[in-house]
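Data block below; observations after.
The values are calculated or read from the model by the stated rules, or taken from the named source; none is laboratory data. This one's a predicted model, so the numbers in the text were calculated from it and none came from an experiment. Glycine gets a Cβ as well: all are built from the backbone with ideal geometry, and neighbour counts include every protein chain shown. Each accessible area value is taken on the protein alone, full model and side chains, heavy atoms only, with ligands, DNA and RNA left out. Shrake-Rupley method; radii C 1.70, N 1.55, O 1.52, S 1.80 Å.
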Amino acid sequence: MTDPSPDSAFVEDAPKGLLSLPEQERERLSEALQELLASGSINGLEPSQTALYHWCRQYLEWLQEIAALSGLDVALLHEERLVQATPRIASLRLRLRQDATLVWLALWYAADVRWRDEGQDQAFLSVAELNDLLQDQLLPDATAVIPRARLREILRQAVKFNLVRLEAAEPFEESGIEILPAIRRVIPFRDLAAWAETAAAFGRVEKPADAVEEELQAVEEES
């Protein structure tokens with residue numbers, strides 16, 4: 001009798017793990033990974049994602065294992081009912097235009113004031129208040145007024161990444177924004193001083209988008 005070939009031995013000894021999952025579980029795992037790659041998180045408070053969130057909570061190790069192969073770290077934030085992914089590699093980091101970066105900085109600031117300074121559990125403001133924050137208080141020299149259509153687009157992008165909830169109204173400036181805790185990990189400043197250091201860059205000469213991104217990444221690496 002001949003010795004078994006190396007190939008057949010490899011098949012016999014191949015690890016099972018994720019490769020042996022039932023088809024239904026593989027489909028759920030694929031759905032969760034695609035959602036994390038597309039939007040960065042899975043929000044269990046959203047009715048359309050509640051079932052997927054609970055599946056991720058039950059099979060978190062599977063999700064973390066497959067996400068790591070895709071360059072993501074995955075954390076379960078049960079108090080917030082959130083599965084959050086953060087990129088390990090630069091190619092997966094979100095590249096924002098300068099006006100979007102400014103809006104996200106303003107949202108972080110508004111939330112920090114309400115959570116840390118005012119001791120509130122939730123952070124709400126209107127689109128009009130966000131505009132005032134940008135133009136009059138935070139970054140008056142950094143940018144012209146962001147057009148309504150562009151601001152709507154930026155906020156919808158923030159909704160996609162579970163950073164805010166947007167309650168649309170007419171006129172648009174009366175729309176309500178709830179800033180979600182996930183913003184503290186997407187824009188992970190240690191404190192307001194770290195935020196101010198990055199925001200100050202917008203008050204000097206205008207920088208290309210890549211330079212702004214490098215500053216935000218530097219803050220993230222120090223956190």
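Could you tell me whether any residue of segment 181-197 is at pLDDT 85 or above, within 23 Å of Asp136 (Cβ to Cβ) and assigned to a helix (DSSP H, G or I)?
yes
With respect to Glu174, determine if the residue is over 26 Å from Ser39 (Cβ atoms), open to solvent by 50 Å² or more (accessible area, probe 1.4 Å) and at pLDDT 90 or above.
yes
Residues to consider are Leu33, Leu21, Leu52; find the one that is out of contact with any Ser or Thr (no Cβ under 7 Å at 6 or more places or on another chain), modelled with pLDDT of 85 or more, surrounded by 14 or more Cβ atoms within 10 Å (Cβ to Cβ) and not hydroxyl-bearing (Ser, Thr, Tyr).
Working: Leu33 fails: out of contact with any Ser or Thr (no Cβ under 7 Å at 6 or more places or on another chain); Leu21 fails: modelled with pLDDT of 85 or more.
None of the others qualify; the one that does is Leu52.
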